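Accompanying notes for the structure given below.
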Amino acid sequence: MMDNQFLICFLNELQKVMNDKREYLIELDSVVGDGDLGLTMGDGFTAAYEAVRDSGETDTGKLLYSAGKAMSIKVPSTMGTLMASGFMQAGKVLKGKTELADGDIAELFAAYEEGVRKRGKAEVGDKTFLDGMDPAVVKLSHSLENGDSLLLAAQKAEKAAEEGFRRTTTMIAVHGRAATRGEASRTLEDPGAAVAMLMMQAFAKAAESLF
């Protein structure tokens, strides 16, 4: 069983990877968007981490909701709002939990994906964040159900997210500025899916701390 220290560790790894990859995300986003994704994700996930790192909050749901709320205030852009919505949805689902089993972690990511899906009104295949996150969520759940350790399941989820990100080069964009390119958007890598890939990298890194 885990407590909120694991989630704080995850949030720390999350803000570190987003800041480390800030220029990478800016470069990706400059092709299909306005180029501010690296700044938004770095600042937003840092705000989420700083809001809860010393809070002493033992309720997992409240901690995640607080992280999401802080992110939504810090970066009220489209992508910032979507990522914050994921945290807040996960917070609602895990409200009242003070200890987390491996299955609760799978539920957290599934709820995060659902929060983004509902807020963004997108579906898998629309060439968005979901195309990186959904394969990871599915792989994480199946891996844990088959008896894998959380670390191995996290590593498999990380790989699935990367593969999902790479597959966005076969999709036509449905949302955002990239959608205006129509067929020409097909070969481009989706920045949102890259965020999902980096998120799962952070999760795998946090899982290493348990072993």
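The values are calculated or read from the model by the stated rules, or taken from the named source; none is laboratory data. What you see is a predicted model, and the numbers here were worked out from it, not measured in a lab. When we count neighbours, we look across all protein chains shown, and the Cβ atoms used for this are built from the backbone with ideal geometry, even at glycine. The protein model used for the area step is the full one, side chains on, heavy atoms only, and it has no ligands, DNA or RNA in it. Shrake-Rupley method; radii C 1.70, N 1.55, O 1.52, S 1.80 Å.
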Problem - Surrounding net charge for Gly42, when Lys and Arg each add one and Asp and Glu each subtract one, Cβ distance under 13 Å - result: -2
Fill in the blank from the handout: Computed over the chain: longest principal axis from alpha-carbon atoms vs helix 4-20 long axis, angle to nearest 10 degrees, is 30 degrees
Fill in the blank from the handout: Mean accessible area per residue over segment 4-208 (1.4 angstrom probe, all protein chains present, square angstrom) is 43 Å²
Exercise for the section: Rank-order 136-147, 104-115 by packing density, defined as the average count of other C-beta atoms within 10 Å over each peptide's residues, highest first. Expected result: 104-115, 136-147
Exercise for the section: State, to one decimal in nm², a quarter of the convex hull surface area for the C-alpha atoms of segment 1-128, i.e. the direction-averaged projected area. Expected result: 7.4 nm²
Problem - Projected label distance in nm at Lys95 and His175, using a 7 Å step from Cα toward the beta-carbon - result: 2.4 nm
Exercise for the section: On the protein heavy atoms, probe 1.4 angstrom, tell me the percent of accessible surface of the chain carried by carbon and sulfur. Expected result: 48 percent
Practice task
Could you give the spread of the C-alpha atoms of segment 51-202 along their three principal axes, from largest to smallest, in whole angstroms?
Solution key: 48, 38, 22
Fill in the blank from the handout: If each K or R counts +1 and each D or E counts -1, the residues other than Ala101 whose Cβ falls under 12 Å of its Cβ total -4
